[in-house]
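Notes follow once the structure below has been shown.
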Amino acid sequence: MDIDFPLVLVVLTFATGLIWLADRLFLKPRREAAWEESGGALAEGGHAAGGVHGDEEQEAGPKEPYLVDLSRSFFPVLAIVLVLRSFLVEPFQIPSGSMLPTLEVGDFILVNKYAYGLRLPVVGTKIVPIGDPERGDVMVFRYPEDGKTNYIKRVVGLPGDRVRYRNKTLYINGREVPTRFIASLPPVELLEEKLGEVEHFIYRNLEGMVGVGEGEWVVPDGHYFTMGDNRDNSNDSRFWGMVPDEMVVGKAFLIWMQWPSITSLPSFERVGPID
C-alpha cells in the first residue's frame with residue numbers, strides 16, 4: 001500500500017501543534033491551579049509537611065502528560081520539515097530508466113519547490129506565483145491518473161503548443177526540434193537535443209519501436225506535455241495525456257548521490273546540476 005507521505009506529514013504537524021497549543025492555553029493553567037490547591041508546592045527551604053526532607057527534589061510544578069510532552073518535542077521538528085519540504089527543496093530517488101541518459105536508476109536528486117510558485121502541500125494549489133515550467137525543464141509532478149505517484153519527465157510542450165511525434169522525430173509548432181548524432185551505443189543511439197535554450201542528451205532505440213507513441217497533440221491552458229529522455233522506453237504524455245498545473249511538484253536541479261541498491265555502496269561521482 002502506498003503511503004501519502006505529504007498528507008501524513010501535514011496531519012502529524014497539525015495534530016502535534018493543536019495538542020501543544022490546547023495544553024498551553026487551557027490544560028496547563030488548569031493543571032497548575034489544581035496542583036497549587038492540592039498543596040503540591042513545597043514550602044520555602046524545600047521542606048515537606050512535617051519537616052521531613054525528601055530523598056529527591058520535588059518537581060516545581062505538576063507533571064506534564066506524556067502526549068503533551070511528545071507533541072511539544074516533535075511539533076517544531078515536524079513544522080520545519082513541512083516548510084522545507086513543501087516550499088523550498090524536496091529530495092527524490094530515481095526508480096526507473098525513463099530519463100536515461102540524463103538520470104540513472106538510483107540517482108538521488110533535489111527538487112526546487114518554489115521555482116514554479118509556492119503551493120499548498122497535498123492539494124498543490126498555487127498561492128504565490130513565482131514562475132512557470134519552461135521548455136526543456138526536468139520536472140517532477142504527480143501522475144495525473146492517480147494524483148499520488150511522483151513522476152519525473154522533461155517539459156516538451158507548453159500551453160498552446162502543438163506537439164507532433166513521427167518516426168522518432170519531435171516537432172513543436174510545426175518545426176522539427178534540432179538533434180545532433182553523438183554515438184551509436186547498441187541497442188540505442190545517443191543524440192543531443194535542443195529544447196528551447198536547453199541542450200541535453202537523449203536515447204533512441206536503433207531498431208524497432210517505430211510508430212509507438214506517435215501522434216499530434218495541442219496543449220491546453222494550464223497543462224504541460226512531457227516526455228522522457230529515453231524516448232522509446234518512457235511512459236509519458238504520449239500515452240496518458242497532459243500534466244495539469246496543480247499536479248506540478250517542482251524543478252529537478254541537482255544530483256547529490258547515486259545509490260542503485262542497498263547491496264551496493266553510495267557513490268558521489270555523478271554529483272552535479274541536471275541539464
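The values are calculated or read from the model by the stated rules, or taken from the named source; none is laboratory data. Please read all numbers here as calculations on a predicted model, not as lab measurements. Using ideal geometry, Cβ is built from the backbone for each residue, glycine included, and neighbour counts are taken over all protein chains shown.
Among the residues of the range 190-241, write down those that are small (Gly, Ala, Ser) and either crowded, with 19+ Cβ neighbours inside 10 Å or in contact with a Ser or Thr (Cβ under 7 Å, 6 or more places away or on another chain) (or both). If you could, list the steps in order and put the result at the bottom.
First, pick out the residues of the range 190-241 that are small (Gly, Ala, Ser): 196, 208, 211, 213, 215, 222, 228, 234, 237, 241.
Listed by number, the residues that qualify are 228, 234, 237.
Could you please find all residues in the range 88-128 being part of a strand (DSSP E or B) and among the basic types (Lys, Arg)? Steps first, please.
Step one: of the range 88-128, the residues part of a strand (DSSP E or B) are 89-93, 107-112, 118-119, 126-128.
Hits for the range 88-128 are 119, 126.
Evaluate the following for residue 73: is it at pLDDT 65 or above and either more than 17 Å from residue 23 (Cβ to Cβ) or over 40 Å from the mean Cα position of the chain (by Cα) (or both)? Walk me through it before giving the result.
Working: at pLDDT 65 or above: yes; either more than 17 Å from residue 23 (Cβ to Cβ) or over 40 Å from the mean Cα position of the chain (by Cα) (or both): no.
Against the criterion (at pLDDT 65 or above and either more than 17 Å from residue 23 (Cβ to Cβ) or over 40 Å from the mean Cα position of the chain (by Cα) (or both)), residue 73 does not qualify.
Would you check if residue 111 is in contact (Cβ under 8 Å) with a residue 24 or more places away in the chain, of a type outside the set (Lys, Arg), buried (at least 18 other Cβ atoms within 10 Å of the Cβ) and in the same structural domain as residue 223 (by TED's automatic domain parsing)? Quick ask: steps written out before the conclusion?
Details: in contact (Cβ under 8 Å) with a residue 24 or more places away in the chain: yes; of a type outside the set (Lys, Arg): yes; buried (at least 18 other Cβ atoms within 10 Å of the Cβ): yes; in the same structural domain as residue 223 (by TED's automatic domain parsing): yes.
Yes; evaluated as a whole, the condition is true for this residue.
Residue by residue through the range 216-275, note down the ones that are touching an Asp or Glu at 6+ places or on another chain (Cβ under 6 Å) and hydroxyl-bearing (Ser, Thr, Tyr).
Within the range 216-275, just 226 meets the criteria.
Tell me the residue from 210, 198, 138 that is at pLDDT below 95 and assigned by TED's automatic domain parsing to the domain that holds residue 246, please. Full working, then the answer.
Working: 198 fails: at pLDDT below 95; 138 fails: at pLDDT below 95.
Step by step, each of 210, 198, 138 is checked, and only 210 is at pLDDT below 95 and assigned by TED's automatic domain parsing to the domain that holds residue 246.
Among 180, 204, which is the only one that is over 20 Å from residue 104 (Cβ atoms) and modelled with pLDDT of 95 or more?
Values: 204 fails: over 20 Å from residue 104 (Cβ atoms).
Every option except 180 fails the conditions.
Filter the range 136-150 down to residues that are outside any strand (DSSP E or B), touching a residue at least 60 places away in the same chain (Cβ under 8 Å) and not hydroxyl-bearing (Ser, Thr, Tyr) and give me whichever is surrounded by the most Cβ atoms within 10 Å (Cβ to Cβ).
137
Does residue 165 count as at pLDDT 95 or above, more than 24 Å from the chain's Cα centre (by Cα) and either in the same structural domain as residue 139 (by TED's automatic domain parsing) or of a type in the set (Gly, Ala, Ser) (or both)? Steps first, please.
On the way: at pLDDT 95 or above: yes; more than 24 Å from the chain's Cα centre (by Cα): yes; either in the same structural domain as residue 139 (by TED's automatic domain parsing) or of a type in the set (Gly, Ala, Ser) (or both): yes.
The answer is yes for residue 165.
Matching residues to (1) touching a strand residue (DSSP E or B) at 6+ places or on another chain (Cβ under 6 Å); (2) part of a strand (DSSP E or B):
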site	(1), (2)
164	yes, yes
171	yes, yes
184	no, yes
192	yes, yes
202	yes, yes
209	no, no
212	no, no
216	yes, yes
221	no, no
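Output the number of the condition that residue 187 fails; it satisfies all remaining conditions of (1) touching a helix residue (DSSP H, G or I) at 6+ places or on another chain (Cβ under 8 Å); (2) surrounded by fewer than 19 Cβ atoms within 10 Å (Cβ to Cβ).
Every condition holds for residue 187 apart from (1).
In the range 242-264, what residues are surrounded by fewer than 14 Cβ atoms within 10 Å (Cβ to Cβ) and under 13 Å from the mean Cα position of the chain (by Cα)? Full working, then the answer.
Filtering the range 242-264 down to residues surrounded by fewer than 14 Cβ atoms within 10 Å (Cβ to Cβ) leaves 256, 261-264.
None; the set is empty.
What are the residues in the range 217-270 that are farther than 22 Å from residue 123 by Cβ and either of a type in the set (D, E, K, R) or outside the structural domain of residue 137 (by TED's automatic domain parsing) (or both), if any?
Applying the first criterion (farther than 22 Å from residue 123 by Cβ) to the range 217-270 yields 217-219, 225, 227-239, 253-270.
Within the range 217-270, 229, 231, 232, 236, 238, 269, 270 meet the criteria.
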